[in-house]
1. Would you pick out the residues in region 89-133 that are surrounded by fewer than 18 Cβ atoms within 10 Å (Cβ to Cβ), assigned to a loop (DSSP other than H, G, I, E, B) and either not assigned by TED's automatic domain parsing to the domain that holds C43 or not aliphatic (A, V, I, L, M) (or both)?
2. Give region 1-33 a look and list any residue that's closer than 30 Å to G125 by Cβ and surrounded by 11 or more Cβ atoms within 10 Å (Cβ to Cβ), or say none.
3. Suppose we filter F67, F16, F25 for residues that are of a type in the set (F, W, Y), part of a strand (DSSP E or B) and on the phi < 0 side of the Ramachandran plot; which single one remains?
4. Out of (1) free of Cβ contacts under 8 Å to residues at least 24 places away in the same chain; (2) touching a helix residue (DSSP H, G or I) at 6+ places or on another chain (Cβ under 6 Å), what's the single condition that is false for S98?
5. Inside region 70-88, can you point out the residues that are polar (S, T, N, Q), modelled with pLDDT under 90 and in a strand (DSSP E or B)?
6. Across region 46-83, what is the number of residues that are exposed (fewer than 13 other Cβ atoms within 10 Å of the Cβ) and touching a residue at least 40 places away in the same chain (Cβ under 8 Å)?
Amino acid sequence: MSRKLLAIVFGAVFLFIGAIVALVFALVIGIFKLMDRTDAHVCGMAYVKRSDAAAKLVGAPMEQKGFTGGSSNDTNGELSERITFTVGGPLGEAFVVSEGKRSQLESELTVRIGREGNTQTVYSGPFDCPELHAK
């Protein structure tokens, strides 16, 4: 086998492996971005941005930092979500947990923000917000 043919084979293998790595990376990023569209994230972020407590904690303007994590389950007409993300502003960063359940029988959302062991409830009430209807 000549050196030229060997270089072509190694180049093709390298490109193939690179394409697979890029595809897996894009897939993982896409899955994390899907979490940003969950109802609990949409409402959680909206309530945090409107919260005086959150503004005192991280400052304004605030925006999400990093990825959204958590879980979302929609079974037999009952939606259950627990979403976590970090927000940041001029005064630092804080962790947010947005948990909600919605069905024909109940509608409840709780959004908490905190850092260093100090937690405040930003919202606790029906699992609904104007931003959900704008989607």
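The values are calculated or read from the model by the stated rules, or taken from the named source; none is laboratory data. Computed from a prediction, not measured in an experiment: that's the story for all the values here. Virtual Cβ from ideal backbone geometry, glycine too; neighbours counted across all protein chains shown.
1. Listed by number, the residues that qualify are P90, S103, Q104, E106, E116, G117, P126, D128.
2. Scanning region 1-33 gives F32, K33.
3. F67
4. (1)
5. S71, S72, N73, T75
6. 0
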